[in-house]
Amino acid sequence: MPVQMPKPSGVLQALAGMTSVLMSAIGLPVCLSHASQPASPPASCLASKSHSSLRDLRKISVKGGTPKPEPEQVIKNYMEELKVPPDEDCIICMEKPSAASGYSDMTDSKAIGPVAVGRLTKCSHAFHLLCLLAMYCNGNKDGSLQCPSCKTIYGQKMGTQPQGKTEVLWFQMSLPGHEDCGTILIVYNIPHGIQGPKHPNSGKPFTARGFPRQCYLPDNAQGRKVLELLKVAWKRRLIFTVGTSSTTGETDTVVWNEIHHKTEMDRNVTGHGYPDPNYLQNVLAESAAQGVTEDCLEQQ
């Protein structure tokens with residue numbers, strides 16, 4: 001049967017062809033449709049089971065950033081300064097908190113003294129303020145802070161993902177292990193480009209191999225929750241980064257960044273497909289490690 005997709009993008013044409021081949025191979029009728037795209041889809045549409053065989057939710061693009069706070073202010077936002085230093089060593093410089101920070105001769109700050117010690121407000125781990133300042137200035141300087149001891153994130157962590165686009169689609173074929181529901185397809189597309197100041201080699205070109213990349217989730221309650229969290233991670237530039245490929249060894253290329261995705265539908269020989277009963281729970285934990293939790297959804 002014909003594939004019906006008025007004014008499709010190149011990506012959607014390829015996906016339609018791929019899906020029709022897969023469905024025909026197992027004897028299912030093929031009839032994909034590309035629904036009109038709402039400007040701002042309500043959350044209820046994700047929970048609905050009455051959607052068409054294939055529906056494009058929306059396209060998300062990474063946009064320019066906002067002015068960033070001064071590094072000293074970021075440290076003070078999340079630290080409570082202590083008058084009496086604790087007994088344990090500062091794990092950043094390995095000096096006693098009662099002594100000067102090991103980074104006092106490397107960090108130029110008029111607002112923070114060399115012996116100032118503070119405790120992070122959530123996890124209560126203590127460090128020299130100058131040590132945390134040095135750690136922060138050596139990172140993305142995005143206004144967020146991560147405890148070097150327990151990895152608790154303060155503020156909104158932003159990554160270094162290059163600019164790109166993503167699309168979300170649905171179809172009726174089930175994933176192995178999730179035969180009671182359809183499938184969510186996420187398509188990521190990042191072009192080749194030039195590395196920015198936060199990438200390994202600023203000003204040098206980077207490659208983007210294997211795009212568009214297609215990833216799969218079951219269209220059930222937990223799968224839709226993971227989808228919403230992945231949208232947040234995409235906006236925060238946490239899905240990909242520029243680095244060295246673990247499979248090919250290529251440097252200065254776009255690679256996955258800590259949040260695993262399923263890129264295969266019908267086999268799990270490599271660990272990138274289904275069935276995998278622990279995957280959804282694992283990706284929730286990986287997202288939380290990047291500061292992307294259900295609390296983020298409530299704030300939207």
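The values are calculated or read from the model by the stated rules, or taken from the named source; none is laboratory data. Everything numeric here is computed off the predicted structure, so don't read it as measured data. Glycine gets a Cβ as well: all are built from the backbone with ideal geometry, and neighbour counts include every protein chain shown. Heads up: the accessible areas ignore ligands, DNA and RNA and are worked out on the full protein's heavy atoms, side chains in. Shrake-Rupley method; radii C 1.70, N 1.55, O 1.52, S 1.80 Å.
Worth a mention:
- By the rule of a C-alpha distance below 12 Å, with chain neighbours fewer than 8 residues away ignored, the aspartates and glutamates paired with LYS262 are ASP276.
- Accessible surface of region 98-253, 1.4 Å probe, proportion on carbon and sulfur as whole %: 49
- Per-residue extension of 0.36 nm, minus the Cα-Cα distance of GLN281 and GLN299, leaves a gain of 4.3 nm for this segment.
- Working from label points 7 Å from Cα in the Cα-to-Cβ sense, the ASP105 to SER245 distance is 4.4 nm.
- The modelled label-to-label distance for the pair VAL115/TRP256, using points 7 Å beyond Cα in the direction of Cβ, is 5.0 nm.
- This model, with +1 at the C-beta of Lys and Arg and -1 at the C-beta of Asp and Glu, gives region 72-197 a dipole about its Cα centre of some 260 debye.
- Estimated at the nearest 10 Å², the accessible area of ARG224 is 30 Å² with a 1.4 Å probe.
- Cα→Cβ-extended label distance, 7 Å offset, between GLU81 and GLU264, nm: 5.7
- Taking every protein chain into account, the 1.4 Å probe leaves MET106 with about 140 Å² of accessible area, to the nearest ten.
- For region 168-300: relative contact order, % (alpha-carbon pairs under 8 angstrom, 6 or more apart): 22
- J(HN,Hα) series, region 116-126, from Karplus relation 6.51 cos²θ - 1.76 cosθ + 1.60, nearest Hz, glycine and proline x: 5, 10, x, 10, 5, 6, 8, 8, 6, 6, 10
- Here the extension length gained between ALA289 and ASN189 equals 33.6 nm, from 0.36 nm per residue of separation less the Cα-Cα distance.
- For GLY159, nonlocal amide neighbours, meaning residues 5 or more places apart or on other chains whose placed amide H falls under 5 Å from its own, are ARG237, LEU238.
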